[in-house]
Amino acid sequence: MDTLFKAAGMDKEVARPLADRLRPVRLKEVVGQSHLIGANGPLGRMLAQGRLASLVFWGPPGTGKTTIARLLAAEGNLYFEQISAIFSGVADLRRVFEAARRRREDGQGGTLLFVDEIHRFNRAQQDSFLPVMEDGTIVLVGATTENPSFELNAALLSRAQVLVVHRLDDEALEALLQRAETREVRPLPLDKHAREALRAMADGDGRAVLNMAEEVFALGAVDALDGKALIEIVQRRAPLYDKGREEHYNLISALHKSVRGSDTDASLYWLARMLAGGEDPLYIVRRLVRMAVEDIGLADPQALTQALAAREAYEFIGSPEGELALAQAVIYLATAPKSNAAYMAFKASTAHVRETGSLPPPAHILNAPTRLMKDLGYGEGYVYDHNTAEGFSGQSYFPDAIERQTFYQPGAHGFEKKITHRLNRWNSLREKNKKESAS
């Protein structure tokens, strides 16, 4: 193997990827995770106390989860064992557990078992960790990019502390680039804007920023490259986004809340993020329809029309031109007056129905197509609203067993101001009719 590397003009050290060569050898060298490894962080406190509990690291790729686990094992004097849930099964777990038991019985110390993508194990496989965690055979450190509360057993979570590993911010990514320059003993041949673009394309992934930097170094350029040249070298890295996982729900939630909060620019940002990540535009349109009826409602009845029109326009034009229809709908919804009165009214009426059960309608509003139904009083006393002076009779249409309820309380914005005026007028007429009936 040494001969092979020499024949290619390389040694084994240079052949290793730059990201691997720059892997930290002490916890304090890990960037971007001071909230975990600092003196006041949970890992810092554990090591200071000479103990290490089972952990689950939750965070995006390239943020140092594997490295931190390896360094914890070294500082805790534990044997480091690593497996991936993608490639491992029950037989592999039994082998690892048995080896850990032997090391413990032979006085060789404990084992830190690092399980990458731990959420890929099924429920039964996750349960197999419980006895060896409880008896101290292993210290489990799992890593996942998915929300542990959705993907991991409650029993497993109760025995492990979940720690959130942050995506690397711009400062942390710049620190990695500076380390790379020190290791390569030369500056990265990029101008200021290209260097900023490189960090942006990494999208919080330390491994990615170092891999792209390695490609730039390998070019051997003397003059600083601009952003356009950089993109030609490293291509474009797709944003971190999984349509079937938590990020999908996080981003649609961000879009929904930005629209509700009437922040047009933030709404457009989250729309662009979802489209850039490959989200189905028709899924976004469905959510826009929901926003129109939940958060705008009758404050602007055109909001629903605009959302539905965006769907029709997108289906007619297709991608990529059709995305503009989504942007227009988002702008309309974000700038529309807001009201959740219809949403709250429907919730209140639904709750009231659950409480009161299947009460029949009052007899006076029932049709009486047969003689028997007329004899039973169906339709008796009904007043045809169009025949009244106000076009409004003020009769009760609730079941006889319950009092009149008020579910819909329109807001003071947009079209609902007119609705409020109408409702107030009708309530006055009801009160007038009551007084006249009582006198």
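Tabulated data for the structure shown
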item	result
Subset of segment 121-148 (residues that are hydroxyl-bearing (Ser, Thr, Tyr) and under 21 Å from Leu43 (Cα atoms))	Thr137, Thr144, Thr145
From the options Ala91, Ala39, residue that is exposed (fewer than 14 other Cβ atoms within 10 Å of the Cβ) and in a helix (DSSP H, G or I)	Ala91
Test: residue in segment 218-228 that is closer than 24 Å to Glu247 by Cβ and either of a type in the set (Gly, Ala, Ser) or surrounded by fewer than 22 Cβ atoms within 10 Å (Cβ to Cβ) (or both)	no
Given (1) assigned to a loop (DSSP other than H, G, I, E, B); (2) without any contact (Cβ under 8 Å) to a residue 40 or more places away in the chain, index of the condition Thr420 fails	(1)
Candidates Leu255, Leu326, Leu271, Leu333 - the one that is crowded, with 22+ Cβ neighbours inside 10 Å and within 21 Å of Asn147 (Cβ to Cβ)	Leu255
Residues being part of a loop (DSSP other than H, G, I, E, B) and out of contact with any helix residue (DSSP H, G or I) (no Cβ under 9 Å at 6 or more places or on another chain) - total across segment 105-114	2
Residues that are surrounded by fewer than 11 Cβ atoms within 10 Å (Cβ to Cβ) and more than 26 Å from His352 (Cα to Cα), drawn from segment 388-401	Ala389, Gly391
Residues satisfying the stated conditions in segment 134-156, i.e. under 16 Å from Arg123 (Cα atoms) and surrounded by fewer than 17 Cβ atoms within 10 Å (Cβ to Cβ)	Asn147, Ser149, Phe150, Ala154, Ala155
Unique residue being open to solvent by 100 Å² or more (accessible area, probe 1.4 Å) and within 30 Å of Gln302 (Cα to Cα) when the list is Arg404, Arg425, Arg371	Arg425
Residue count for segment 298-323, restricted to those that are charged (D, E, K, R) and either within 18 Å of Ala341 (Cβ to Cβ) or exposed (fewer than 14 other Cβ atoms within 10 Å of the Cβ) (or both)	4
Candidates Ser253, Ser319, Ser262, Ser339 - the one that is in a loop (DSSP other than H, G, I, E, B), among the polar types (S, T, N, Q) and under 21 Å from the mean Cα position of the chain (by Cα)	Ser262
The lone exception for His352 - which of (1) over 24 Å from Ala299 (Cβ atoms); (2) not in a loop (DSSP other than H, G, I, E, B) it fails	(1)
Complete set of residues in segment 376-387 that are open to solvent by 40 Å² or more (accessible area, probe 1.4 Å) and either modelled with pLDDT of 90 or more or in contact with a helix residue (DSSP H, G or I) (Cβ under 7 Å, 6 or more places away or on another chain) (or both)	Tyr378, Glu380, Gly381, Tyr382, Val383, Tyr384, His386, Asn387
Residue within segment 232-240 that is over 12 Å from the mean Cα position of the chain (by Cα), at pLDDT below 85, hydrophobic (A, V, I, L, M, F, W, C) and assigned to a helix (DSSP H, G or I) present	yes
Selection count, segment 42-72, where residues are surrounded by fewer than 21 Cβ atoms within 10 Å (Cβ to Cβ) and more than 20 Å from Ala202 (Cβ to Cβ)	13
Any chance Pro361 is at pLDDT 90 or above, part of a loop (DSSP other than H, G, I, E, B) and in contact with a helix residue (DSSP H, G or I) (Cβ under 8 Å, 6 or more places away or on another chain)	no
Residue in segment 172-182 that is open to solvent by 10 Å² or more (accessible area, probe 1.4 Å), of a type in the set (Ser, Thr, Tyr) and over 22 Å from Ala69 (Cα atoms) present	yes
Residues being surrounded by 14 or more Cβ atoms within 10 Å (Cβ to Cβ) and of a type outside the set (A, V, I, L, M, F, W, C) - total across segment 275-285	3
Among the candidates Arg102, Arg199, Arg195, Arg186, residue that is exposed (fewer than 13 other Cβ atoms within 10 Å of the Cβ), assigned to a helix (DSSP H, G or I) and free of Cβ contacts under 8 Å to residues at least 40 places away in the same chain	Arg102
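The values are calculated or read from the model by the stated rules, or taken from the named source; none is laboratory data. Every value quoted in this text rests on a predicted model; they were computed, and no experiment measured them. In this analysis, Cβ positions are derived from the backbone assuming ideal geometry, glycine residues included, and neighbour counts consider all displayed protein chains. All accessible areas refer to the heavy atoms of the entire protein, side chains included, with ligands and DNA or RNA removed. Shrake-Rupley method; radii C 1.70, N 1.55, O 1.52, S 1.80 Å.
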